[in-house]
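Every read-out reported here was derived from the displayed coordinates using simple, explicitly stated rules and does not represent laboratory data. The model shown is predicted, which means the values in this text are computed figures rather than measured ones. Backbone-built Cβ (ideal geometry, glycine too); neighbour counts: all protein chains shown.
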Amino acid sequence: MFRLIQNALKHAAQETQEYVKLTVAAIRAIFSPPLYRHDIVEQFDAIGVGSLTVVLLTGFFTGAALALQSGLTLDQFGARPVVGRLVSASMVKELGPVLTGLMLTGRIGSGIAAELGSMVVTDQINALRALGTDPVRKLVVPRVLAGFFMAPVLTVVADFVGVFGGWLVARFQLQVASSLYWSSTTQALYIQDVWMGLIKPFVLGFVIVTIACYVGLRTRGGTQGVGRATTIAVVAGSVAVIAVDFFVTQVLVSLLY
Amino acid sequence: MLETSTPSPSATEVLDAPGAPVIVFDRVQLAFDEKVVLQDISFTLIKGHTKIILGASGSGKSTILKIVTGLLRADGGVVWVNGARVDKLSERDLMAVRGDLGMIFQEGALFDSLTVRENVGYKLYEESDMPIDDVDRRVEEVLGFIGLAEHIDKMPSELSGGQRRRVAIARAMAFKPKIMLYDEATTGLDPITATTVDDEIIKLRDLENVSSIVVTHQLRDAFYVAQHMAVRGADGRVEVVPASPDKEREAEFIMLKDGLICFEGDADALRTSTDPYLRTFLS
Ligand SMILES: Nc1ncnc2c1ncn2[C@@H]1O[C@H](COP(=O)(O)OP(=O)(O)O)[C@@H](O)[C@H]1O
Ligand SMILES: [Mg+2]
């Protein structure tokens with residue numbers, strides 16, 4: 001029993017070490033030539049533009065549901081007009097970053113792990129190396145850059161459509177005046193909240209993509225292995241999003257407020 | 001101790017001379033976890049010659065090629081490729097050695113997100129300063145040589161197995177490496193297509209003076225490559241004809257078994273061998 005736990009811990013430590021190694025290699029590669037510009041542009045498009053639809057949909061419905069729920073609660077205090085405050089504060093500080101992070105994990109985390117995983121099992125990664133290309137520079141760096149910079153952009157988009165979804169519900173179902181809704185959304189937002197909502201997605205985007213790349217590149221065992229890698233990337237990525245969100249919030253709260 | 005990644009001038013001279021050893025394996029060992037794949041492997045590939053590696057599947061043939069290119073690192077022993085100690089070089093220094101190595105992977109390993117043109121020209125487009133026009137011309141030339149000129153803008157998934165294998169050869173030869181490594185380039189192909197692939201191997205070796213390691217478990221192809229040679233006729237046409245006895249001796253067979261070399265010699269020696277394992281393999 002003790003042996004088993006010991007082995008599991010050792011294994012986890014090894015995996016973490018390998019993950020950190022890849023992350024460090026990727027960061028170093030960003031700041032030294034060669035940089036594959038074409039691939040970077042392609043990934044910004046695939047990760048950023050490609051994820052827009054799911055982010056729009058989740059953002060919209062989350063904001064709408066939030067307005068409905070808080071409308072009910074606020075009625076108990078006769079405070080229905082401040083529904084905008086609750087929607088915007090929750091979206092910007094917490095739900096926007098986390099939900100966008102989760103959607104990105106599902107969409108691009110799985111995609112990256114599957115793509116890199118199948119490149120591993122079909123020897124395409126080895127072929128790259130044999131042809132003189134460093135797979136970290138060619139494959140990991142463009143994805144990490146795209147994830148790092150596009151996650152915040154997508155989060156801002158999600159925040160906006162969320163608040164918009166909240167407005168639709170507030171205006172037409174809760175019968176709150178539009179001017180009241182919009183003024184209350186901005187009233188409750190402090191600059192710290194905005195910082196909080198903007199810094200988080202940078203970290204989340206980075207974590208999602210590096211985990212997916214790591215899991216994809218260590219794929220073993222044929223097509224089955226690719227399936228396994230995809231699952232691991234999504235599960236580990238989702239847990240990491242929630243956990244990292246907590247720790248980043250903790251740090252930012254003590255730094256900003 | 002002085003350690004350099006590039007061979008000294010005198011070594012370069014030696015390597016340029018005919019009969020120079022371009023690949024040397026000296027007591028190479030490799031194990032994956034507990035499983036010993038290569039126990040004690042030594043051989044030398046002479047410039048312009050052919051080494052044909054035979055062996056059952058799982059005997060470590062692909063592993064040997066991956067050690068040559070530095071994709072895998074041996075646990076023990078010494079590996080020289082073109083005068084560089086591949087077993088000791090860092091990934092960065094290996095890139096220089098790989099510039100002279102063309103590897104054809106077992107399943108082709110074409111980049112399936114790139115077109116045939118981009119695949120074949122990959123190294124020249126991405127990793128060289130060659131002007132785009134020159135690269136385009138080189139890619140077209142290579143695809144013409146291999147007889148796939150009309151497929152240049154297709155994706156690999158649109159090609160047949162034999163065509164994919166030939167694109168893989170085109171990709172490996174596009175940057176004019178001096179050593180070619182073929183990992184089961186004909187496995188799974190019908191005899192006619194296999195022969196066209198074998199002809200490419202022979203042409204590269206005899207017309208471009210490329211040294212080759214040919215991994216296969218198909219004896220038909222092994223003997224075909226060993227016993228034919230390419231000649232350019234007076235009218236400039238290339239023909240593949242039965243090899244002269246001297247030429248035939250430049251192709252050497254190696255048979256792997258249990259991580260060891262159980263046979264080494266030319267085609268005649270292989271055919272007349274009385275070793276029981278070889279006999280079952282040959283029949
Ligand atoms: N990356 C790896 N990890 C673990 N075992 C491997 C790996 N690559 C190859 N092997 C094992 O090494 C042995 C030799 O493989 P390989 O060189 O591909 O054989 P061959 O090409 O002769 O069919 C096989 O038993 C295979 O399972
Ligand atoms: Mg093999």
**Message:** Please compute the length gained on full extension between residue A:72 and residue A:3, using 0.36 nm multiplied by the number of residues separating them and subtracting their Cα-Cα distance.
**Reply:** 19.5 nm
**Request:** Compute the Rg/Rh shape ratio of segment A:119-257: radius of gyration over Kirkwood radius, all on alpha-carbon atoms.
**Result:** 1.14
**Prompt:** Taking the Cβ-Cβ separation of residue B:75 and residue A:27 as r and a Förster radius of 22 Å, what is the calculated FRET efficiency to the nearest 0.05?
**Reply:** 0.10
**Item:** For residue B:72, residues with placed amide H under 5 Å, excluding near neighbours
**Value:** B:67
**Message:** If each DSSP helix of 4+ residues adds -39,500 (n - 2.57) and the sum is divided by the residues in chain A, what number results at 222 nm, nearest 500 deg cm²/dmol?
**Reply:** -26500 deg cm²/dmol
**Fill in**
Mean per-residue count of partner chain Cβ within 10 Å for A:131-138 equals 5
**Prompt:** Any idea how far apart residue B:150 and residue B:238 come out in nm if each label point goes 7 Å out from Cα toward Cβ?
**Reply:** 2.0
**Message:** Can you compute log10 of I(q)/I(0) for segment B:14-101 with the Debye formula, treating each Cα as one identical point scatterer, at q = 0.13, 0.19, 0.23 Å⁻¹?
**Reply:** -0.41, -0.88, -1.22
**Request:** Report relative contact order for segment A:35-256 in percent, whole number only (criteria: Cα-Cα under 8 Å, sequence separation at least 6).
**Result:** 36
**Asked** Going by average Cβ neighbours within 10 Å, how do the peptides B:11-18, A:92-99, A:77-84, B:124-131 rank, with the highest at the top?
**Response** A:92-99, A:77-84, B:124-131, B:11-18
**Message:** Rounding to the nearest 10 and keeping the result within 0 to 90°, find how far the Cα-based axis of helix A:222-256 lies from the longest principal axis of chain A.
**Reply:** 50
**Message:** Give the average, rounded to an integer, of partner chain Cβ atoms located within 10 angstrom of each Cβ in B:94-103.
**Reply:** 3
**Request:** Mind running the shape call on chain B? Use the C-alpha gyration tensor, a ≥ b ≥ c as the square roots of the eigenvalues: rounded below 1.5 for a/c, prolate if a/b tops b/c, oblate otherwise.
**Result:** rounded
**Request:** Can you bin the protein assembly as shown into rounded, prolate or oblate? Criterion: square roots of the alpha carbon gyration tensor eigenvalues sorted a ≥ b ≥ c, rounded for a/c under 1.5, prolate for a/b above b/c, oblate for the rest.
**Result:** prolate
**Asked** Which value in nm describes the separation of the simple spin-label points at residue B:27 and residue B:274, placed 7 Å from the Cα toward the beta carbon?
**Response** 3.2
**Asked** Using a Förster distance of 51 Å, how high is the FRET efficiency between residue B:209 and residue A:195, based on the Cβ-Cβ distance and rounded to 0.05?
**Response** 0.20
**Message:** Please list, in order, the residues from segment B:84-120 whose amide nitrogen is less than 18 Å from a point placed 7 Å along the Cα→Cβ vector of residue B:11.
**Reply:** B:84-101
**Asked** Most exposed first by the Cβ proxy, i.e. fewest other Cβ within 10 Å, how do A:23, A:231 rank?
**Response** A:231, A:23
**Asked** With a 10 Å Cβ neighbour count serving as the proxy for reagent exposure, in which order, fewest first, do A:61, B:175, B:263 appear?
**Response** A:61, B:263, B:175
**Prompt:** Simple spin-label model, 7 Å along Cα-to-Cβ: residue A:14 to residue A:37 in nm?
**Reply:** 4.2
**Request:** Could you line up A:11, B:228, B:151 from fewest to most neighbouring Cβ atoms inside 10 Å?
**Result:** A:11, B:151, B:228
**10 Å Cβ neighbours from other chains, averaged over peptide B:120-127** = 3
**Item:** log₁₀ of I(q)/I(0) at q = 0.16, 0.17 Å⁻¹ - chain A, Debye sum with one point per alpha carbon
**Value:** -1.11, -1.20
